[in-house]
Amino acid sequence: MADGGTLFLDEIGELPLESQVKLLRLIQHGELERIGTTTPKVINVRIIAATNRNLSAMAEDGTFRNDLFYRLAVVPLYLPPLRERKEDIPELAEHLFHNAKEKHGLQALRVAPSVMARLSAYRWPGNIRELENVVERMLVLSNGEQVTEEDLPEGLQRIPAVQPGNPLNFDLPEEGVSLEAIERELLLRALDKAGGNQTRAARYLDISRRTFIYRMEKHGLRYDGGDPE
């Protein structure tokens with residue numbers, strides 16, 4: 001059915017080894033055999049695969065085929081977890097609230113700003129699916145005209161809206177600030193504090209090394225052991 005188009009394979013890390021062989025043949029030779037036939041069929045398909053597992057490590061320990069891993073990893077794209085994209089949480093939550101209000105016929109229901117603050121402070125081990133479930137639960141169980149902190153799940157109610165040492169714990173100047181400039185300065189300070197070690201610098205900012213490098217590249221920054229540029 002995907003011939004001439006794109007085939008999306010979600011959770012590719014869960015594919016059994018015997019099925020990995022068949023997928024490898026498809027990628028290498030562009031052909032497959034339909035069930036009940038003995039004649040190969042040639043197809044042309046673009047494959048996009050997704051996983052939340054470390055395929056490289058799985059390839060090393062033999063639970064994922066090495067040759068299939070390298071065939072799939074032609075253009076790898078890394079999507080950072082929600083806890084590393086805290087600046088996106090308010091907009092994502094607003095979008096999910098809008099969808100949930102339409103779904104349950106609660107368009108007049110409002111969301112208190114303090115709720116957004118606590119959602120942004122949480123680490124979201126379940127990522128976007130957890131955020132979506134929390135948003136819908138709050139709307140469904142809310143009794144008033146506004147979703148408040150009391151409607152948050154118990155675990156989120158215990159999370160302080162502003163974590164200790166959070167760089168957002170300051171008053172914004174009247175003239176405003178540049179978010180891009182602040183992020184760039186934080187990257188440079190973390191690099192300087194870590195002596196140029198990107199892994200330690202990323203740990204200071206509570207993000208992965210891959211996300212740290214991505215943000216460095218976004219700002220055109222490099223560090224050669226002297227002053228960051």
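Taken over segment 71-129, the residue count meeting the criterion of being within 30 Å of LEU23 (Cβ to Cβ) and aromatic (Phe, Trp, Tyr) is 1. Put simply, of LEU77, LEU92 the only residue that is under 18 Å from the mean Cα position of the chain (by Cα), assigned by TED's automatic domain parsing to the domain that holds GLY126 and not hydroxyl-bearing (Ser, Thr, Tyr) is LEU92. Considering the conditions (1) at pLDDT below 90; (2) in contact with a helix residue (DSSP H, G or I) (Cβ under 8 Å, 6 or more places away or on another chain); (3) within 22 Å of GLU87 (Cβ to Cβ); (4) not hydroxyl-bearing (Ser, Thr, Tyr), VAL134 is excluded by exactly one of them, (1).
Scanning segment 55-69 for residues that are surrounded by fewer than 12 Cβ atoms within 10 Å (Cβ to Cβ) and within 24 Å of SER208 (Cα to Cα) returns ALA57, ASP61.
Take the conditions (1) farther than 20 Å from ASN127 by Cα; (2) part of a loop (DSSP other than H, G, I, E, B); (3) touching a Phe, Trp or Tyr at 6+ places or on another chain (Cβ under 9 Å); (4) of a type outside the set (Phe, Trp, Tyr); GLY36 misses just one of them, which is (3).
For segment 79-91, the count of residues that are in contact (Cβ under 8 Å) with a residue 12 or more places away in the chain, exposed (fewer than 13 other Cβ atoms within 10 Å of the Cβ) and not aromatic (Phe, Trp, Tyr) is at least one. Here PRO90 meets each of (1) modelled with pLDDT under 90; (2) in a loop (DSSP other than H, G, I, E, B) with one exception, condition (2). Select from segment 28-54 the residues that are loosely packed, with under 15 Cβ neighbours inside 10 Å and closer than 30 Å to ILE128 by Cβ and list them in ascending order. Selection gives ARG46, ILE48, ALA50, ASN52, ARG53, ASN54.
The values are calculated or read from the model by the stated rules, or taken from the named source; none is laboratory data. For clarity, every value in this text was computed on a predicted model and none was experimentally measured. Neighbour counts run over all protein chains shown; Cβ positions are idealised from the backbone, glycine included.
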